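To keep things clear, I will list the structure first and then write my remarks on it.
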Ligand SMILES: Cc1cc2nc3c(=O)[nH]c(=O)nc-3n(C[C@H](O)[C@H](O)[C@H](O)COP(=O)(O)O)c2cc1C
């Protein structure tokens, strides 16, 4: 089993990375393979709403000058996805938003590439704005019919300068428990794969039409 973790922060080894690592260390202890992808410093254009992905249905975004298509395939092949974002302006950072808008739109356009995978999210924040950012990440996972493990608190870890998240003792426990629960869920889903009902096709309406 494999989990793809995505670091939305431009800081390669900053607090978001370290928060992700607290979760992935536990996953690895539980025998689950992990790959952490560094997204944040890349230039990722935002979704233009052209709907080309709904027409082509080739699991690709029409914008071609970045790693979105490569990351989509890595996420599709994984059993679990772990999203990590720093909090910028009480929200997820802009690069992460541009990335997730496109990745999850393509996934939806292709019949739900991430459906029934296990998905979780963490955010790192100096002080305030963690919850809206955390909820934003969760929205992509929930839309995609992913199974979501919880921790013993919301997955918001505190720190400002890179490494300060290591001083957030409660945050570390939140990440550890999330890792344990994510591993449990990954194993439970794996063992019950053949028992899961066939997915229902999505109904597309704008309210009622
Ligand atoms: C542009 C920008 C906006 C930020 N906005 C907030 C904010 O709204 N609330 C907050 O508490 N911290 C804010 N921060 C601080 C970061 O959330 C914090 O430093 C975080 O740990 C950075 O994670 P990283 O080391 O992975 O980049 C902001 C930082 C930047 C660069």
> Using a basic spin-label model with each label point 7 Å from the Cα along Cα→Cβ, how many nm lie between residue 192 and residue 90?
Replying inline: 3.8
>> Which of rounded, prolate or oblate describes the range 17-117 when judged by the alpha-carbon gyration tensor and an a/c cut-off of 1.5?
In response: oblate
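Can you put 82, 137 in order, fewest other beta carbons within 10 Å first? Walk me through the numbers before you get to the answer.
Working: 82 28, 137 25.
Going from least to most buried by this count: 137, 82.
Note the full-extension length gain between residue 41 and residue 55 as 0.36 nm times their separation in residues minus their Cα-Cα distance, in nm to one decimal.
Working: separation 14, 0.36 × 14 = 5.04 nm, distance 3.02 nm.
Working it through step by step, the gained length comes to 2.0 nm.
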> Which part of the range 90-104 falls in the paramagnetic zone of residue 135, meaning amide N under 19 Å from the point 7 Å along Cα-to-beta-carbon?
Replying inline: 90-94, 97, 101
> Which peptide among 19-25, 169-175, 104-110, 64-70 comes first, and what is the full order, when sorted by highest mean count of other Cβ atoms within 10 Å?
Replying inline: 19-25, 104-110, 169-175, 64-70
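Quick check on the exposure proxy: order 209, 102, 57 from fewest to most C-beta atoms within 10 angstrom. Intermediate results must be reported in sequence, preceding the final value.
Working: 209 4, 102 24, 57 12.
Listed from fewest to most nearby Cβ atoms, that is 209, 57, 102.
Hey, what did the chain get for relative contact order, percent, Cα under 8 Å, at least 6 apart? If you can, show how the numbers build up before the last one.
Values: 391 pairs, mean separation 50.7, N = 209.
24 percent.
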> Going from the alpha-carbon gyration tensor of the range 143-209, what semi-axes, largest first and in whole Å, does one get by taking the root of 5 times each eigenvalue?
Replying inline: 34, 20, 8
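Normalized C-alpha radius of gyration of the chain, against 2.2 N^0.38 Å? Spell out each step's value before the answer.
Values: Rg = 16.6 Å, N = 209, 2.2 N^0.38 = 16.8 Å.
Working it through for the chain, the quotient is 0.99.
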> What ranking do 158, 116 get, fewest neighbouring Cβ atoms within 10 angstrom at the top?
Replying inline: 116, 158
> Looking at the chain, what % of its DSSP beta bridges pair antiparallel, to the nearest 5?
Replying inline: 10
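Report, as a whole number in µm² per second, the diffusion coefficient that Stokes-Einstein gives for the range 37-96 at 25 °C and 0.890 mPa s using the Kirkwood radius over alpha carbon pairs.
Numbers: Rh = 13.2 Å.
Value of D from the Cα-based Kirkwood radius: 186 µm²/s.
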> Among 136, 95, 16, which one shows the biggest mean-square fluctuation in a GNM of the chain, springs joining Cα atoms closer than 10 Å?
Replying inline: 136
> Mind listing the Cα extents of the range 98-183 along all three principal axes, in Å, largest one first?
Replying inline: 42, 27, 18
> For the range 81-140 and the range 10-75, what is the separation of their C-alpha centers, rounded to whole Å?
Replying inline: 10
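None of the figures in this text is laboratory data; all of them are computed from the coordinates on show. Worth saying up front: this structure is predicted, and the values here are computed from it rather than measured. So basically every Cβ, Gly included, is an ideal-geometry build from the backbone, and we count neighbours across all protein chains shown.
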